[in-house]
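Student: Take a look at this one; I'll ask things after.
The values are calculated or read from the model by the stated rules, or taken from the named source; none is laboratory data. Treat the numbers as computed from the prediction; the structure is a model and nothing was measured. Cβ atoms come from the backbone with ideal geometry, glycine included; neighbour counts cover every protein chain shown. Keep in mind that these areas ignore ligands, DNA and RNA; they rest on the heavy atoms of the full protein, side chains included. Shrake-Rupley method; radii C 1.70, N 1.55, O 1.52, S 1.80 Å.
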Amino acid sequence: MIHSLFLVNSSGDIFLEKHWKSVVSRSVCDYFFEAQERASEPENVPPVIPTPHHYLISVLRHRIYFVAVIQSEVPPLFVIEFLHRVVDTFQDYFGVCTEAAIKDNVVVVYELLEEMLDNGFPLATESNILKELIKPPTILRTVVNTITGSTNVGEQLPTGQLSVVPWRRTGVKYTNNEAYFDVVEEIDAIIDKSGSTITAEIQGVIDACVKLTGMPDLTLSFMNPRLLDDVSFHPCVRFKRWEAERILSFIPPDGNFRLLSYHVSSQNLHPLRSASLVAIPVYVKHNITFREGSSQGRFELTLGPKQTMGKGVEAVLVSSQLPRGVLNTNLNPTQGTYTFDPVTKLLSWDVGKINPQKLPSLKGSMSLQAGASKPDENPTINIQFKIQQSALSGLKVNRLDMYGEKYKPFKGIKYMTKAGKFQVRT
Amino acid sequence: MSASSAFNDEKGGSSNVGEPEYGHDPASGGIFSSDYKRHDDLKEMLDSNKDSLKLEAMKRIVAMIARGKNASDLFPAVVKNVACKNIEVKKLVYVYLVRYAEEQQDLALLSISTFQRGLKDPNQLIRASALRVLSSIRVTIIVPIMMLAIKEAASDMSPYVRKTAAHAIPKLYSLDPEQKDCLIEVIEKLLADKTTLVAGSVVMAFEEVCPERIDLIHKNYRKLCNLLIDVEEWGQVVIINMLTRYARTQFLNPNMNVSTADKEEKEKKKTEATAIVRRKPYVMDPDHRLLLRNTKPLLQSRNAAVVMAVAQLYFHLAPKAEVGVIAKALVRLMRSHSEVQYVVLQNVATMSIKRRGMFEPYLKSFYIRSTDPTQIKVLKLEVLTNLANETNISTILREFQTYIKSNDKDFVAATIQAIGRCATNIGEVRDTCLNGLVQLLSNRDELVVAESVVVIKKLLQMQPEQHSDIIKHMAKLTDNIQVPMARASILWLIGEYCEHVPKIAPDVLRKMAKTFTNEEDIVKLQIINLAAKLYLTNSKQTKLLTQYVLNLAKYDQNYDIRDRARFIRQLIVPTDKSGALSKYAKKLFLALKPAPVLESPFKDRDHFQLGSLSHLLNAKAGGYQVLPDWPEAAPDPSVRNVEVPEWTKCSSREKRKEKKADKPFYSDSEGESGPTESADSEDEKKSEKKSKPRIGSSESESEEDNDSESESSESEEESEEESEEEIKKKKKRDKTHTFYIGVQMFATICKPAWLNMQFLLNPLPVSVPQTIVPSGNLKTYELLHRITGEGLSVEYCFSRQPFSPDPHMVAVKIQFTNSATSEAKSLHVEDAKLQSGMRIKEFPEIEVLPAGETVSVVMGIDFCDSTQAANFQLCTHTRKFFVSIQPPVGELMMPIFMTENEFKKEQGQLMGMNEITEKLTLEEKCQGEHAIVQRVTTAANLSRVPCGSDKEFAGKTVTSGSLVLVSVVTKENGAAQLTVNCEKMVIGTMLVKDILQALTQ
């Protein structure tokens, strides 16, 4: 399946190669570089590139291209999903997945890649299993290893490999038993010029950090499970139980994992009905105009909270790609700071917290290229924000129970709402 | 280069051994000298006794490999650490081996015995990794060993090892496709395996080796369906894709007599209607239902590939009414990484053509954000266009209007195309779209205008007579539009449809004639075009204008325009000299041009299995398995029936063992848990049964194989090393220096070889030179043909005499015949190009070989117990010939004398992997004892064990002195069993082949 893997950095150097079958010359990447040159933006490189003898499937993460070389038919998503899993594993092991981190830990990277694929077919991708085979590098362990001569490589088959719960290792012990769950919702929306919602949907995840001794069996129930329109589970969740009772029942992996992703949509059966199920937490008043023949344009932007269930809107960041004709801007924010990059034409305004009494605004003028005609397009405004202690959809966890172990764990649940792809057209 | 040198610096910083860093940086001095230096240093570290130094060295070597630097010259130094006790060193050595074994086949062979020992290790992880590495070193010569190891591992008690065996199957297949039949047997066996761990891997092997053997699936179909949910995610993808294909061959089309809304299909239905009526009403096969039911929960998988696999299964297999469930899951995937989005959108685009209704509720999920990458935008646009219908078109068009204002021009162009397609598909909005597009003609961006004009042109070509208004409108636009491309396009349109606007066209030409000199070149060309067309249709009004335009063009600065004017004048203006062409001028200019077709590039892409690479590229990729059409009549469904008494028996066990009760983790429903449950417990039973004989055998092995005792290993290693050195010293006395290196390497790397050297020193098996086969029967081979040798022909044979100057060499008798007319002088050997370890003892130079004479000489070759050819040059006084001698495996040994008791004892010690047994049917002529002995001894240089009850033969390999024991036991009707015991697996397996051939042909 996957023949070889090349890691390419943003300046186009191949800094790591790994082959699982016969060696494929790195010159095969020339086709990739060609495609890269043709693409205007880094993310526009096609994920699948056919070459005379191979196919290149690549993903871009953390400004590194992971280019897999394929020789015959294979589902492209299979490869893409695997490459993302590789990146996630690196991140899990080294904290970050950067060129420097990979180079520093090249041996561990190689050992990991060796375990993750056999003959190009995934062998062990479960983080718990990998960590038993190859222990993540820590400073303490490095020191101990140099003194005692022990290694980072496990000698026994990981217990998970053979069990029916491959995601959990046996013999886990903690002095403090804790289980934390973060309900994080992201709202994706497109708001049109007049302020009405074109589309809005909520993408939520429940991320867990479970540190429990032994083999606990957990159940998590919601106050309002019908809210969840579409869900995808970590393999540990028992699907039948969810189907029948809408209860999440699972033996958790050890450590951090994503238990559930879900989707709350406003457009179930009436594609043309305006989105009313999803409350939009902020509104934007804007007035961006260019006049024909004048070298000045007006820019006015005001933000305000709307349907936030009494919680404050924080960490607000507004960014907008202004038309190419704009030379510079002269704006005054009532709060926060703004920057404008005259080369990329990117305006960004770090607002901070929205005070409902005194709404933040950004006003002023833009100077245009003299003599150039008025730009046709109006910029889109992208907004990021956070609302703590609230899930926008109103999803609430009812209770968390543990079976199978005697001790009493410490439990915690946190809610947060963030802006996902939140765009306002002007 | 700069990045990699920086990388070295970092490496240097992190390495905690106080070794000086040698300059890898090309700037720090000559690359080559420092390279040598560094490698010497690494070699030293690898040779040291300290594991930490070895580890450090291996880490640096692996870092070199990772950067794509060549580290192959370290092979000998690395490979001898293959048996290192430190597991991390060992693993890194494996990494190295797998990378370079292909390039250094001979040296790689030396590591094989370690893996063979690993295959018998009590630790399943070690057994599995030994098999993994053994099957990953792509050395053709060990194919038989791999085959054996795979066969053995396929019935290992550990499912993990069985999984590894399944992984090894495609590796062996790609190395030697001739093993297919044997491998299919193993696949068949593993397909019957009932553990989830193995299922995915073996189906993968099935897909790579024998995807056409769909019959192997029948018996396992229900089991695979039931296990599916518990299989690891990657296996799920492969199994689902395979089952899709399977279902297409075994079940009936669930949609065959459902009336559909699709117009196309309705038409088809009409023609087929009569046939359908007679058909029985459709009832879905329960197995078909089982597959659909068991895959559905996987739509909730977190793995996008699994979701896509289920989606394509439903698309290709489910009844129309049920396909809808996949839409939601696919829409969910669009939140994922942009690469996932890209692939999913491609598939949604194809699906949305066939099943538009499915995605309609999710229309808004395909709305485009300004931050999407262009390739995603274009795909979303494609989906939106496919989804457009009478009810939603106004919303979609409103969206499109926003997109047109984007500053991503490629995207705007795609949007205009999309509007064009909506307009052709939905008649109601054609005029609105046209008007919108006409407005776009005044856009400042040339690309937008050009694209709009092209689309308008296409739309108008469909029904020009209804749109003379638009043509008139466009004619008016010529006053305002400045973009040359647009002006040119409008002129072309007016020219093309001048009959629909008979009054305006000449007027436009008049205006254009006025501004002709100020126009751009492309516009000028179109003015000439327009003039020509008008002259042909309406010469009364435009004759003078045309002449005027042509005259202007005649003196234009651009030669293209001058040429065109001259050409057109000749063509259209009738003169005395004008040829036959002018008669056809009208046909030439005003031929009916076919309207361009506006259809989705994704139309009919669903003949490729969705989700596949071939579908994405819209071209068949290598190894793609065509998705077959539904059969007309369903094949016999009973082939999938499996006898079930096995698990009814098990159910009592199940109750006893409470622990088992929670085993099937996902499948909670009673109906499904049955088979899964039984699968596990049955397997348990099997492995228990198996484990007993295994324990027995491993005990006997450990007696023989001292190394597997880990506790005493350290002290033993030391003693081993000491004795190794002794041997080295002894050898050193009578060997040449070069040979010494070979032996040293050999002795240190290859433990069993060393053990056999002990045999040599021990008096036990005394070698008695015997010549059983008279030299007259020896087979001769050609070394140099008379023609290539320019009259000199050379033949050789293996004389089977001991080579007296060196007992470790095989004697080769070489016979020169000079059939030329002149004499050949000074025949000798030169420039031997030998694999490492091999040696040649040349024959004394033949000074003169007169014409017509024949002379024989003997030379010795140490083949190092491998069948690699010895290459050297044969020189005469005038010419040099490249020749090579490749020994049959039977010549690599010499006979030894042994009593029957000794034979039995030695045979008892060479069991397990060292023993190869084959059943055969003797050929008619060689059923007698004498014939068998004759044939075996001809095939291999062995001697018969005297007074043996069976036909037993003994020998030892020439170089290392490993014992080779062969016995042939005959049974009734010419059936026989051949057993070969040899420490050297390679030799053993090859010998079996040769003897088999000798006995059966």
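Student: Modelled label-to-label distance, B:Lys43 and B:Ala634, 7 Å Cα→beta-carbon offset: nm?
Tutor: Here the answer is 7.1 nm between the modelled labels.
Student: How many partner chain Cβ atoms sit within 10 Å of a residue's Cβ in peptide B:86-98, on average, as a whole number?
Tutor: Average neighbour count from other chains, rounded to a whole number: 4.
Student: Based on the Cβ-Cβ distance from B:Gln1001 to B:Thr249, what FRET efficiency comes out when R0 is 41 Å, to the nearest 0.05?
Tutor: 0.55
Student: Hey, got a sec? Which trypsin sites (Lys or Arg not before Pro) in the range A:1-94 land in a DSSP loop and have at most 14 other Cβ atoms within 10 Å?
Tutor: For trypsin sites (Lys or Arg not before Pro) across the range A:1-94 that sit outside H, G, I, E and B with at most 14 neighbouring Cβ atoms in 10 Å, the list reads A:Arg63.
Student: Select from the range B:888-984 those trypsin sites (Lys or Arg not before Pro) which occupy a DSSP coil region and have at most 13 other Cβ atoms within 10 Å, ordered by residue number.
Tutor: B:Lys971
Student: Per residue in the range B:613-637, which ones lose no less than 10 Å² of accessible surface when going from chain alone to all protein chains (1.4 Å probe)?
Tutor: Residues meeting the cut-off: B:Leu613, B:Leu616, B:Leu617, B:Ala621, B:Gly622, B:Gly623, B:Tyr624.
Student: So what's the gap between the Cα centers of the range A:81-133 and the range B:842-874, to the nearest angstrom?
Tutor: Cα centroid to Cα centroid, the span is 55 Å.
Student: List, in the order given, every pair from B:Lys163/B:Lys971; A:Lys18/A:Lys173; B:Lys180/B:Lys993; B:Lys91/B:Lys120; B:Lys540/B:Lys583; B:Lys458/B:Lys620 whose Cα-Cα distance in the structure shown is over 26 Å.
Tutor: B:Lys163/B:Lys971; A:Lys18/A:Lys173; B:Lys458/B:Lys620, as the Cα separations exceed 26 Å there.
Student: What FRET efficiency comes out for the pair A:Tyr403/B:Met284, r = Cβ-Cβ distance, R0 = 25 Å, nearest 0.05?
Tutor: Plugging the Cβ-Cβ distance into 1/(1 + (r/R0)^6) gives 0.05.
Student: Roughly speaking, to the nearest percent, how much of the range A:2-148's 1.4 Å accessible area is carbon and sulfur?
Tutor: C and S fraction of accessible area: 53 percent.
Student: Next question, about the same structure. State, in square angstrom and to the nearest 100, the accessible area buried between chains A and B, both chains counted, probe radius 1.4 Å.
Tutor: 9600
Student: Report the calculated FRET efficiency for B:Glu782 and B:Ser72 (r = Cβ-Cβ distance, R0 = 41 Å), to the nearest 0.05.
Tutor: 0.75
Student: Give me the inter-chain shielding for B:342-354: mean count of other chain Cβ atoms within 10 Å, whole number please.
Tutor: If you average over the peptide's residues, the count of other-chain Cβ atoms is 2.
Student: Residue by residue through A:122-129, how many Cβ atoms from other chains fall within 10 Å of the Cβ on average?
Tutor: The shielding value for this peptide is 3.
Student: For A:Asp88, put the label point 7 Å out on the Cα→Cβ axis and report which residues of the range B:318-345 keep their amide N under 13 Å from it.
Tutor: Counting only backbone N, you get B:336-337.
Student: Moving on. How would you order A:403-414, B:820-831 from highest to lowest mean count of nearby Cβ atoms within 10 Å?
Tutor: So the order, starting with the most tightly packed, is B:820-831, A:403-414.
Student: Modelled label-to-label distance, B:Thr917 and B:Thr575, 7 Å Cα→beta-carbon offset: nm?
Tutor: 10.2
Student: For the range A:96-109, in order, what is each residue's ³J(HN,Hα) by Karplus, 6.51 cos²θ - 1.76 cosθ + 1.60 with θ = phi - 60°, in whole Hz (x at glycine and Pro)?
Tutor: Each residue's phi maps through the Karplus curve to give 10, 10, 10, 4, 5, 5, 5, 5, 5, 10, 4, 5, 4, 4 Hz.
Student: Report the full-extension gain for the segment B:Lys603 to B:Lys151: residue separation times 0.36 nm, less the Cα-Cα distance, to one decimal in nm.
Tutor: Here the answer is 158.0 nm.
Student: While we're on this one: What nm distance separates the two modelled labels at B:Phe897 and B:Asp445, each placed 7 Å from Cα along Cα→Cβ?
Tutor: Between B:Phe897 and B:Asp445, the label points sit 9.8 nm apart.
Student: Which GluC sites (Glu not before Pro) in the range B:893-950 sit in a loop by DSSP (not H, G, I, E or B) and have at most 15 other Cβ atoms within 10 Å of their own Cβ?
Tutor: B:Glu923
Student: Per Stokes-Einstein, at 37 °C and 0.692 mPa s, what whole-number D in µm² s⁻¹ belongs to the range A:282-388, with the Kirkwood radius over Cα pairs as the hydrodynamic radius?
Tutor: This corresponds to a translational diffusion coefficient of 228 µm²/s.
Student: Residue by residue, what Karplus-based ³J(HN,Hα) values in Hz, rounded to whole numbers, does the range B:975-986 have, using 6.51, -1.76 and 1.60 with θ = phi - 60° and x for Gly and Pro?
Tutor: With the stated coefficients, the range B:975-986 comes to 6, 8, 10, 10, 10, 10, 10, 7, 4, 8, 4, 4 Hz.
Student: Right, something else. In whole Å and largest first, what semi-axes does the C-alpha gyration tensor of the range B:300-421 yield when each eigenvalue is scaled by 5 and square-rooted?
Tutor: 25, 17, 10
Student: Order these peptides, B:796-807, B:471-482, B:223-234, by their mean beta-carbon neighbour count within 10 angstrom, highest first.
Tutor: B:223-234, B:796-807, B:471-482
Student: Residue-wise, which Karplus ³J(HN,Hα) couplings in Hz belong to the range B:195-209, taking 6.51 cos²θ - 1.76 cosθ + 1.60, θ = phi - 60°, and x for glycine or proline?
Tutor: Here the 3J(HN,Hα) series is 9, 5, 4, 7, 3, x, 5, 6, 5, 4, 4, 4, 5, 8, 9 Hz.
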